[in-house]
1. Modelling each spin label as a point 7 Å along the Cα-to-Cβ direction, I'd like the K184/E145 distance in nm, to one decimal.
2. Calculate the spin-label point distance for T250 paired with M319, positioning each point 7 Å from the Cα along the beta-carbon direction, and give it in nanometres.
3. Pull out the extension gain between N220 and R258, defined as 0.36 nm times the separation in residues minus the alpha carbon to alpha carbon distance; nm, one decimal.
4. Does segment 268-322 come out rounded, prolate or oblate by the C-alpha gyration tensor, with a ≥ b ≥ c the root eigenvalues, rounded set by a/c under 1.5 and, if not, prolate when a/b is larger than b/c and oblate if not?
5. Using r as the Cβ-Cβ distance of R277 and S211, and R0 as 25 Å, what FRET efficiency do you calculate, to the nearest 0.05?
6. By how many nm would the segment from V270 to N308 grow when fully extended, if each residue of separation counts as 0.36 nm and the alpha-carbon distance is taken off?
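We did not get these values from a lab; they are worked out from the coordinates using the rules stated. Worth saying up front: this structure is predicted, and the values here are computed from it rather than measured. Positions of Cβ are generated from backbone atoms using ideal geometry, with glycine treated the same way; all protein chains shown enter the neighbour counts.
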Amino acid sequence: MVRIAFVTMGAFLAVTTGQLFAQQGAALREVYTLVNDANRQILEMQSAIEQTEARLSAWETSLSRASATRSARTVAPGRSEGELAALGREIANHPVTASASGGCRDDLQSVGQADYLNSALTRLPSINACAQSIAPRVRIDLPFECASLFWKVGTSGALNLSGHVQNPGDLDALRTRFGTALTKDVVTRPFPVCSALEALELPLTSQDKPSIRMLSGQSNILFDDSLAFEVVTPDFYAFFYLAYLQADGTVVNLLPRRGLMRPQHPPRTVLRFGDGREGRQTYTASAPAGTEAIIGIASRSPIDALENLEQGASGQYTMRGASGVRDVDQAVFLDLLNSSLDEEYEAGGGRREISAEVLHITVVQG
């Protein structure tokens, strides 16, 4: 009989809440109310999966007793694969799974696919690991110009705020309100990096995402130094988008579509840019100094909003307005990216389909 063990964190919260209330007073009460709500969602999801387990066990028994010629399309009276698949989708789309990796969400959705009974024993370790990786992750909204901030409860029950804000003043305000210990994992990320991280908030949580690294190993790049970098696509066939946000406010599309359809990249494809080898261009840092970002987005299906921005032979991002065609600046590009990904997630497609990475670079005058 297939069994799925899920680990919850209620005991940790019960102990830690009392301890921190005594230490921090009323300042954390609202936070812990939110965190406990998230923990309740985990328990609800566990209950849904346990109900699915019971049905799977009954169907497994029914199958084992059925004759070899019996159709597997209906495994028990009144039970159908469609019903099981619907339960699987409900579990995979549960709000708390937003804090899990893309692979974890794939495993959760497998609880309900037609071949689940045949593959469950081999997938069980990863499903259990997925369950243990899910923890309450509660967004905190503060009146900052740009920020992505979340309360998290670790496996030991410790509470901390993680994420980023756009400037040191906002970070000081956080530390004044919540203390240094609870905000030690919050970092500052100036524009445009902050806005890119905010727009790609959920795709960045995936463990199955692209990687981006400077070939020099440096993040502070002096004028005339190399800006060569390497990208590795994620472990699935992906439509891949790569944008460079420069310190002068422009957006460069480094992988424009060549033809009617954007090709898919095979898993773990290695792409190099700016090193001057094998016919590639040479990229070097130049004025103006400032913050730059490389954004890589992988999707199992084309992202219409980005496809529609590619205009002309160069494939660069442009828009047509009352005054004609113009290049898309960083603020407009990031706003469009944010809204288009929100639409993907609201439609259910982005939950399992999109992952991303952002590399922060600072160009400085030597």
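1. Output for this residue pair reads 3.0 nm.
2. With each label placed 7 Å out from Cα toward Cβ, I get 1.9 nm.
3. So the chain would gain 10.4 nm between N220 and R258.
4. Oblate shape, in that a/c is at least 1.5 and b/c is the bigger or equal ratio.
5. 0.80
6. That pair, V270 and N308, stretches by 11.1 nm at full extension.
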